[in-house]
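Trainee: Let me begin by handing over the structure; questions about it come next.
The values are calculated or read from the model by the stated rules, or taken from the named source; none is laboratory data. Here the structure is a predicted model, which is why all the values come from computation and not from measurement. Cβ coordinates were reconstructed from backbone atoms using ideal geometry, including for glycine residues, and neighbour counts include every protein chain displayed.
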Amino acid sequence: MAERPTGGARKPVAPHGDGQAAGDRSRPPRPHALHRYGQNHLVDGNILRAIVKQAAVGPDDVVLEVGAADGQLTRPLLERARLVHAFEIDHRYASRLAKLADEHPNLAVHPGDVLKQDLATLDPPPTALVANLAYNIAIPLIMTTIARLPQLSRWAVMVQKELGERLFAVPSTKAYSAVSVLTQLACRRDEVRAVPPAAFRPQPRVDSSFITFVRRAPAAAGTTTAAGDAPLTAAGYAAMDQLVRRAFGQRRKVLTNTLAGAARAGATVSRDDVKRALDGLGLSPATRPEELAPPQWVALARALAWPTGVAEVDGH
């Protein structure tokens, strides 16, 4: 799997590449985009500036950037962040990024496939993910960073429009999936910006979205939080991941069938267990996975004695 590198300001297209950044003749033309890496370089300078602003990176942030390419997005991030961990799988950009790192001590370059790295070992740990993501790595990377990087609190990612819609889809829609539930259990959406194909070289055949979302903060001491609004513990999130993905693996089947046989902590869930749990929540035994909102998934897990890592609150 691979990254979709980001680019810079609008520019003419070079015969053997994507050209230079507008107004900067000191840099050599960018290598031509490779299909196997899902590369579509962002070349609209206005949109680049807008997404940097939307990313809201501050001086205390440690940024995880995926698909750094020749550093068009990396440079403005370096001006704002404490440090940038920049991943790039395409070896053709190695010398450019090495030079950039020589000029900026707050840049750490990581060659290779980000999905094959142990991101939990990054030091200092990332607090924000800012990236232009290829379709084939977007979901696994977002899910991995949610689950394994607890100090990462903000995501600012360029993704295909339909994928962005999927992350925060509502129940009983085609886009609603296990990814929707798991993303919304951990995060809340902040802002979405539509990005047309013309902003990239080569132009993709689909629209894109730059979407920002943030991790749910723990409730303040002495306050109560509705079920599904409080963040899950790492262990609870892993357990919910198992339950939700099992159910959505056969999304057209009812929960009494898909969850029967699920095993956790030495216990096995039966069809009768699921029926009783659904009844206790006022739901029909014919309920399907796509009908439950994220807070209802937490409530169902509790009713099944499934670990969530969230304390009982408000009687839910």
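Trainee: Six or more apart or on different chains, Cβ under 8 Å: which pairs go from a residue in the range 242-270 that's over 18 Å from L292 (Cβ atoms) to one that's β-branched (V, I, T) and surrounded by fewer than 18 Cβ atoms within 10 Å (Cβ to Cβ)? Could you list them?
Mentor: Short answer, once both residue conditions are applied: G261/T268.
Trainee: A further question on this structure: Within the range 148-165, restricting attention to residues that are outside any loop (DSSP other than H, G, I, E, B) and touching a helix residue (DSSP H, G or I) at 6+ places or on another chain (Cβ under 6 Å), which residue is surrounded by the most Cβ atoms within 10 Å (Cβ to Cβ)?
Mentor: Looking at the filtered set, the residue picked out is V159.
Trainee: Looking only at the range 94-104, decide whether some residue is free of Cβ contacts under 8 Å to residues at least 40 places away in the same chain, assigned by TED's automatic domain parsing to the domain that holds L73 and among the hydroxyl-bearing types (S, T, Y).
Mentor: Yes, the range 94-104 contains a residue that is free of Cβ contacts under 8 Å to residues at least 40 places away in the same chain, assigned by TED's automatic domain parsing to the domain that holds L73 and among the hydroxyl-bearing types (S, T, Y).
Trainee: Then there is this: Within the range 258-279, identify whether any single residue is at pLDDT 90 or above, under 21 Å from the mean Cα position of the chain (by Cα) and assigned to a helix (DSSP H, G or I), and answer yes or no.
Mentor: Scanning the range 258-279, I find no residue that is at pLDDT 90 or above, under 21 Å from the mean Cα position of the chain (by Cα) and assigned to a helix (DSSP H, G or I), so the answer is no.
Trainee: Spot the failing condition for A239; the list is (1) part of a loop (DSSP other than H, G, I, E, B); (2) modelled with pLDDT under 95, and only one is missed.
Mentor: Looking at each condition in turn, A239 falls short on (1).
Trainee: Considering only the range 57-104, how many residues are among the aromatic types (F, W, Y) and under 20 Å from V43 (Cβ atoms)?
Mentor: Adding up the residues that qualify gives 1.
Trainee: Which pairs have Cβ atoms under 7 Å, sit 6 or more apart or on different chains, and link a residue in the range 165-191 that is among the acidic types (D, E) to one that is modelled with pLDDT of 95 or more and buried (at least 22 other Cβ atoms within 10 Å of the Cβ)?
Mentor: Short answer, once both residue conditions are applied: D190/F213.
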